[in-house]
1. With axes computed from alpha carbons, what is the tilt in degrees of helix 172-189 against the longest principal axis of the chain, rounded to the nearest 10 within 0 to 90?
2. Which of rounded, prolate, oblate describes the chain, given a ≥ b ≥ c as roots of the alpha-carbon gyration tensor eigenvalues and a/c under 1.5 marking rounded, otherwise prolate only if a/b is larger than b/c?
3. Under the rule of at least 5 residues apart or a separate chain, name every residue whose amide H is placed under 5 Å from the amide H of residue 202.
4. May I ask you to derive the relative contact order of the stretch 61-210, considering only C-alpha pairs under 8 Å and at least 6 residues apart, and to give it as an integer percent?
5. Loop only by DSSP, 14 or fewer other Cβ within 10 Å of the Cβ. Give me the chymotrypsin sites (Phe, Trp or Tyr not before Pro) in the stretch 89-165 that pass, ordered by residue number.
6. Suppose R0 equals 25 Å; then what is the FRET efficiency for residue 131 and residue 81 from their Cβ-Cβ distance, rounded to the nearest 0.05?
7. Relative contact order (percent) for the stretch 1-116, with alpha-carbon contacts under 8 angstrom and 6 or more residues of separation?
8. For the chain, find the longest principal axis of its Cα atoms and tell me its angle to the long axis of helix 115-125, 0 to 90°, nearest 10.
Amino acid sequence: FLLIAVLAVVAYLIGSISTAVWLGKAYYGIDIRKHGSGNSGATNTFRVLGKKPGTIVMLIDIFKGWAATSLAGLLVIFDAIPANNLVIFQLIFGALAVVGHIFPVYERFKGGKGVATLLGMMLAVQPEVALVCMVIFVIVLFTSRYVSLGSMIAALAFPMLLLLHPRFHPDNPILIIFGFVLFAVVVLTHRKNINRLIAGEESKANIGIGRKK
Ligand code: G3P
């Protein structure tokens, strides 16, 4: 049990790594939370600081979710849990990393929206489904130019794809439940984006159909 508790805390601390805030402060001397959408995430880093730092933040935030989720494998290696319980602990640790990203202990609990970290978790538990979600995200982004809309639709796609999957897998029910809960979390972190989308005021990425040359 001690190992489970320690790894759970480590998963949360990994998620808490505030990549966008720290990179912005260390290399650009700005607090990303005071610029653009005010979000401590990859999208806002792209928007405020550009492609290179945006890509770095995106990759590290994805990696955080993947790494925290993968910690669950240690529980099997050290015989703390039976192998058939692996997925549930992967999901718990991945979800803790997403929570850490949104409420980072190092940054007075003011973090991002959890999308890249959630993607990392999805890649660790269901890589094929995660890749389909990424394709859906890219399609929505390139057609609407709204990152937030793409994020929410991709987060919903994960449990929906598993729900509609013709081949039953014993892990599916728990994956679907966690998927819908995390989709609800993503909707909550995107409250302001949703209001802006409805009002037609959401900022558009300069990408895809209709971008400025
Ligand atoms: O990943 C977060 C994205 O969906 C929205 O970010 O900065 O446009 O609010 P932002």
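Quick note: the coordinates plus some simple rules give every number you see, no bench work behind them. Since we're looking at a predicted model, the values are computed, not measured. Every residue, glycine as well, gets a Cβ built from its backbone with ideal geometry; the counts of neighbours run over all protein chains shown.
1. Taking Cα atoms only, the helix is inclined about 30 degrees.
2. It comes out oblate by the Cα gyration axes.
3. Hits under the 5 Å cutoff: 197.
4. 23
5. Qualifying residues, ordered by number: 109.
6. 0.35
7. This gives 36 percent for the stretch 1-116.
8. Tilt relative to the chain: about 30 degrees.
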